[in-house]
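A quick write-up on the structure given underneath.
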Amino acid sequence: MSLIFKTAETYEEFVGILDLQQENHIKNLDSLDQGFVFAEHSVEDLWKMSSYAPHIIAKDDEYVAAYILAMTVDCKEDIEMLIPMFEEFDQLEYKGVPLSEYNYLVVGQVAVDKGYRGQGIFDQCYELYREVHGDNFDFAITEISERNYRSLAAHYRVGFRELSRYPNADGEEWIIVVWDWME
């Protein structure tokens, strides 16, 4: 296995992201103990999001083994199921300052292929994420389902910290976490 960590740039890489997204989508899993994703994107969504901030991938030859999506506030109306997250962000403060006054980057989603887990790929993807985006944004922020124990633990391990919690309209409890790049 020879992994390459890079920004996603080609149509084939975006399709690889979407294939891995479907493998890890909550609707396609028998068990949620290995983590899961909720949102679904199209190639067009990924292209648009990437035009503001590139996505990070880990590739094994031509196979996308892991990804971290980048999403800016410029795309906050584009993925319907993520609009409540941005609305919640608009109500929050970080260090006494409204989030809207920061230049933050939203982690749109993260997935690692089940055959590649436990090898530090998640952490290496996030290292590149910060390297690529750290000079352009104050921090990374995302929300993670309270039920997604594996994702929460992994995000805390790389440096994210809880900022807030809220239930969505379906009663799902979401934990908003921040990785402060100014510290």
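The values are calculated or read from the model by the stated rules, or taken from the named source; none is laboratory data. None of these values were measured; they are calculated from a predicted model. Glycine gets a Cβ as well: all are built from the backbone with ideal geometry, and neighbour counts include every protein chain shown. The protein model used for the area step is the full one, side chains on, heavy atoms only, and it has no ligands, DNA or RNA in it. Shrake-Rupley method; radii C 1.70, N 1.55, O 1.52, S 1.80 Å.
Before moving on, here are some points about what is shown:
- Residues of the stretch 53-86 falling in the label zone of residue 19, defined by backbone nitrogen less than 13 Å from a point 7 Å along Cα to beta-carbon, are 59-66.
- Between 0 and 90°, nearest 10: helix 43-52 axis offset from the chain longest Cα axis: 60 degrees
- Residue pairs exceeding 18 angstrom between C-alpha atoms, taken from 27/48; 6/59; 6/27: 27/48; 6/27.
- Between residue 92 and residue 117, the C-beta separation translates, for a Förster distance of 45 Å, into a calculated FRET efficiency of about 0.90.
- Between residue 52 and residue 101, the distance separating the two model label sites (each 7 Å from Cα on the Cα→Cβ line) works out to 2.1 nm.
- In the chain, helices alone account for a calculated mean residue ellipticity at 222 nm of -8500 deg cm²/dmol, with every DSSP H run of four or more residues adding -39,500 (n - 2.57).
- Spacing of the two label points (7 Å from each Cα toward its C-beta) at residue 61 and residue 136, in nm: 3.2 nm
- Residue of 58, 153, 140 that the Gaussian network model of the chain assigns the largest fluctuation, springs spanning Cα pairs under 10 Å: 153
- Compared with the dominant principal axis of the Cα atoms in the chain, helix 11-23 is inclined by about 80°.
- With all protein chains modelled, accessible area of residue 59 [1.4 Å, Å²]: 20 Å²
- FRET efficiency estimate (nearest 0.05) - Cβ-Cβ, residue 6 to residue 146, R0 35 angstrom: 0.60
- Solvent-accessible area, 1.4 Å probe, carbon plus sulfur percent, for the chain: 46 percent
- Sequence of 163, 18 when ordered by accessible area, the most exposed leading, probe 1.4 angstrom: 163, 18
- Entry comment: accessible area of the chain is 49 Å² per residue, from protein heavy atoms only and a probe of 1.4 Å.
- Candidates 79, 17, 144, ranked by Gaussian network fluctuation over the chain, Cα under 10 Å, top entry: 79
- GluC sites (Glu not before Pro) within the stretch 53-107: DSSP coil, no more than 10 neighbouring Cβ in 10 Å: 62, 77
- Inter-label distance for residue 40 and residue 26, nm, one decimal - labels placed 7 Å from Cα along Cα-to-Cβ: 1.4 nm
- Alpha-carbon Rg/Rh ratio, for the chain, with Rh computed the Kirkwood way: 0.93
- Along the stretch 60-75 the Karplus relation, 6.51 cos²θ - 1.76 cosθ + 1.60 evaluated at θ = phi - 60°, assigns HN-Hα couplings of 10, 6, 9, 8, 7, 8, 6, 8, 10, 7, 10, 9, 9, 4, 4, 10 Hz to successive residues, with x for each Gly and Pro.
- The stretch 113-183: relative contact order in percent, alpha carbon pairs under 8 Å with at least 6 residues between: 36 percent
- Just checking the listed ones, 16, 171, 108: in the Gaussian network model of the chain with Cα springs under 10 Å, the one fluctuating most is 171.
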